[in-house]
Each structure stands twice: as C-alpha cells, then as structure tokens.
Amino acid sequence: MNSAIGIIGGSGLYEMEGLEDVHEVEVSTPFGAPSDSLVAGIYRGRRLVFLPRHGRGHRYLPAEVPYRANVYALKSLGVEWVISISAVGSLDEELRPGDICLPDQFIDRTWGRPGTFFGNGIAGHVALADPICNLLQQAVWETVEAVGARFHRGGAYLCIQGPQFSTRAESFLYRSWGARVIGMTNATEARLAREAELCYTTVALVTDYDCWHETEEEVSIEAVLAVMQQNVGTARRILQEAVARVPAERTCPCREAARYAIMTPPELVPPDTRRSVDLLFGKYLRENTP
C-alpha cells in the first residue's frame, strides 16, 4: 500500500464519508504520549491517520501540545505526508473570514516549546529555508477547483505563543513584516516534521481578521468558533479531494532532510538517546558507525 497520509487538526475530521476500516490506535513514544489516540482508516486505497492536535475536547493550550510525541507517533505509523488543518487570523485584506490560505513560510515567535528531536547528547541541524513541502502543497492546491472555496497560495504564517490573541500594536507590527496569517501551532509542527523527514503542508482556515482591521470587530473566540464550524465541511472536502492527488512515492528533499544534519559522531551518542531517536536518525547513525 502507498505511504500513509497524516492529518493533524480537529477531532472530527475523520468523520468522512467513504472512510473505511476506521479504528483507534494508541501510541507510546520516547517523547511522551501524543495529544490523544490516533484514528486510522482507508480512503480510496490510501491509508489515512488522523491526530487531534489539542486532544479530544480541546484540552491542550498551543504551548502545551506534545508536538514531538505527535510527529513521532505519526512517523511510527508509517506516515510520510502530513496535512495540517488549522484555524488562523488574517493579516491581509484579501484573506477574508471563510477563505483558505496555503502558506509557504513561517515566522516563529514562540518560546519554551520542545521544538527539536536533537539534544541529550546528539546535535544536528536541518535546513528549513523552505519549510513547506512543495510537492504536497501542489497536491492540495490542485483541489481548488474541485472544492470551490476561495484559496490563496503563498505567504508567511506568523506563529505566536498564545493562548492570548495579539494586541493591536502586535497585529500592526506583524502586518509590517509582511505575514499573511497568524496562528499558534504550525511553525513548531513544521520544524519537527522536517527533522523527522516528513512532508508537511498547512491548510489555513481563515476565521477572522486579526485586531489590526479597524472596520471589523475584535477577534473573539465566539467568532472564531462560528467560522470554524462553517469550515469543517470544507476541510473534509479538501482532504477527500487531496488524497487522490498525493503521489504514491516521494521525490522531494524532505525524505532525506536529516541525512547530513547530524554533527555528533555516532559513538559519542548516549545509548538512551540513540534508542529514543532510532526511528528518526538510526539509519544515518548506523551508516556512519566505524
């Protein structure tokens, strides 16, 4: 069977018509428990694995999400492609509430989150100049006509710490940087996905104009939830159409992103650390072991 496609988003995304052999999977990882049990199924011959980012019932704040465990869990289940479904605020007049943006860059303004699999005796540095997999994003982009939603491709996703929304001064500052949308989660996921050699793309569902917009009401959770509810059906249709367009095999640089990243000689990596990263970097450590 073709490589699995992982979907990170809300807990109801797996309620797709036509999804077969649906079952929950409990996964333990060296980086703790993921946000929740994962839901796997088959759709049009492709294996899909769904992960609720904030847990069922939305229990985790953006800074509390166990990002490393989530990405590791997906990879451990054979996922190679990751589509992130995320609610965002708009920093661009053209991106209206209800629109969908496919950003290709991130500006990371978070702090204190475990955002790497390296450490504890193994040092490494992956390239992140282009954090979105163009091959995967193109597959999603090709769904535009089929879904009929207002799509915008490109631009930067500004990732803030949260859980509070921006101040007005911050919102104007972020606009001056040229960011198009603002959220609280995806930059961390994208960093870890690249280290784990997974292809990653964001489907950003615009729920509101951030508070820079003088003719719109200030962002509120009520407004966000209302638009999100409207977008759930659109998100499912995007996934249904995108699945058939995701290639069976990967030819992009993502698949070997960590090949030359490791700086530490294998014999110096502590045994416990080596075991914890074996799924991620083991093949490279073995290749370079004297």
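The values are calculated or read from the model by the stated rules, or taken from the named source; none is laboratory data. Only a predicted model underlies this, so the values are computations on that prediction, with no experimental measurement involved. We place every Cβ from the backbone using ideal geometry, glycine too, and count neighbours over all the protein chains shown.
Just a yes or no: is a residue in the stretch 159-168 modelled with pLDDT under 95, touching a helix residue (DSSP H, G or I) at 6+ places or on another chain (Cβ under 8 Å) and part of a strand (DSSP E or B)? Taking every residue of the stretch 159-168 in turn, none turns out to be modelled with pLDDT under 95, touching a helix residue (DSSP H, G or I) at 6+ places or on another chain (Cβ under 8 Å) and part of a strand (DSSP E or B).
A search for C-beta distances below 9 Å between a residue of the stretch 17-28 that is over 13 Å from ILE42 (Cβ atoms) and surrounded by 10 or more Cβ atoms within 10 Å (Cβ to Cβ) and any residue that is at pLDDT 95 or above and among the hydroxyl-bearing types (Ser, Thr, Tyr), counting only pairs 6+ apart in sequence or on different chains, returns GLU24/SER37; VAL25/SER37; GLU26/SER37; VAL27/SER37; VAL27/TYR72; VAL27/SER76.
Cβ separations smaller than 9 Å between residues 6+ apart or across chains give the following pairs from the stretch 179-194 residues that are in contact (Cβ under 8 Å) with a residue 60 or more places away in the chain and under 18 Å from GLU94 (Cβ atoms) to residues that are among the acidic types (Asp, Glu) and crowded, with 24+ Cβ neighbours inside 10 Å: VAL181/ASP210; ILE182/ASP210.
Please specify each residue of the stretch 69-84 satisfying the condition of being surrounded by fewer than 24 Cβ atoms within 10 Å (Cβ to Cβ) and in contact with a strand residue (DSSP E or B) (Cβ under 8 Å, 6 or more places away or on another chain). Within the stretch 69-84, ALA69, SER76, LEU77, GLY78, GLU80, SER84 meet the criteria.
The one condition from (1) assigned to a strand (DSSP E or B); (2) touching a helix residue (DSSP H, G or I) at 6+ places or on another chain (Cβ under 6 Å); (3) closer than 16 Å to SER84 by Cβ that ASP208 does not meet is (3). Screening PRO97 on (1) at pLDDT 95 or above; (2) of a type outside the set (Val, Ile, Thr); (3) buried (at least 16 other Cβ atoms within 10 Å of the Cβ) shows it passes everything except condition (1).
Do you know which of the residues in the stretch 274-290 that are at pLDDT below 95 and part of a loop (DSSP other than H, G, I, E, B) is surrounded by the most Cβ atoms within 10 Å (Cβ to Cβ)?
Kept after step one, since they are at pLDDT below 95, are these residues of the stretch 274-290: 286-290.
Filter once more, so that each one left must be part of a loop (DSSP other than H, G, I, E, B): 288-290.
On the way: ASN288: 12, THR289: 10, PRO290: 5.
Selected residue: ASN288.
Listed by first and then second residue, the pairs linking a residue in the stretch 254-269 that is free of Cβ contacts under 8 Å to residues at least 40 places away in the same chain to a residue that is hydroxyl-bearing (Ser, Thr, Tyr) and surrounded by fewer than 16 Cβ atoms within 10 Å (Cβ to Cβ), with Cβ atoms under 8 Å apart and 6 or more places separating them unless they lie on different chains, are PRO266/THR289; GLU267/THR289. Out of curiosity, is ILE100 under 16 Å from ARG194 (Cβ atoms), within 16 Å of the chain's Cα centre (by Cα) and aliphatic (A, V, I, L, M)? No.
Selection of the stretch 236-273 for residues being under 16 Å from ILE132 (Cα atoms) and either loosely packed, with under 12 Cβ neighbours inside 10 Å or of a type in the set (Asp, Glu) (or both) yields THR251, GLU256.
Within the stretch 250-260, can one find any residue that is within 25 Å of CYS199 (Cα to Cα), more than 22 Å from the chain's Cα centre (by Cα) and either among the basic types (Lys, Arg) or part of a helix (DSSP H, G or I) (or both)? Within the stretch 250-260, none of the residues are within 25 Å of CYS199 (Cα to Cα), more than 22 Å from the chain's Cα centre (by Cα) and either among the basic types (Lys, Arg) or part of a helix (DSSP H, G or I) (or both). Per the conditions (1) in contact with a helix residue (DSSP H, G or I) (Cβ under 7 Å, 6 or more places away or on another chain); (2) buried (at least 21 other Cβ atoms within 10 Å of the Cβ), the sole criterion not satisfied by PRO114 is (2). In this structure, does VAL65 turn out to be closer than 17 Å to PRO30 by Cα, touching a His at 6+ places or on another chain (Cβ under 9 Å) and either surrounded by 16 or more Cβ atoms within 10 Å (Cβ to Cβ) or aromatic (Phe, Trp, Tyr) (or both)? Taking the combined requirement at face value, the residue satisfies it. When the criteria are applied in full, VAL181 fails the requirement of being surrounded by fewer than 21 Cβ atoms within 10 Å (Cβ to Cβ) and closer than 13 Å to LEU102 by Cβ.
The set of residues in the stretch 40-88 that are over 18 Å from HIS23 (Cβ atoms) and among the hydroxyl-bearing types (Ser, Thr, Tyr) comprises TYR60, TYR67, TYR72, SER84, SER86.
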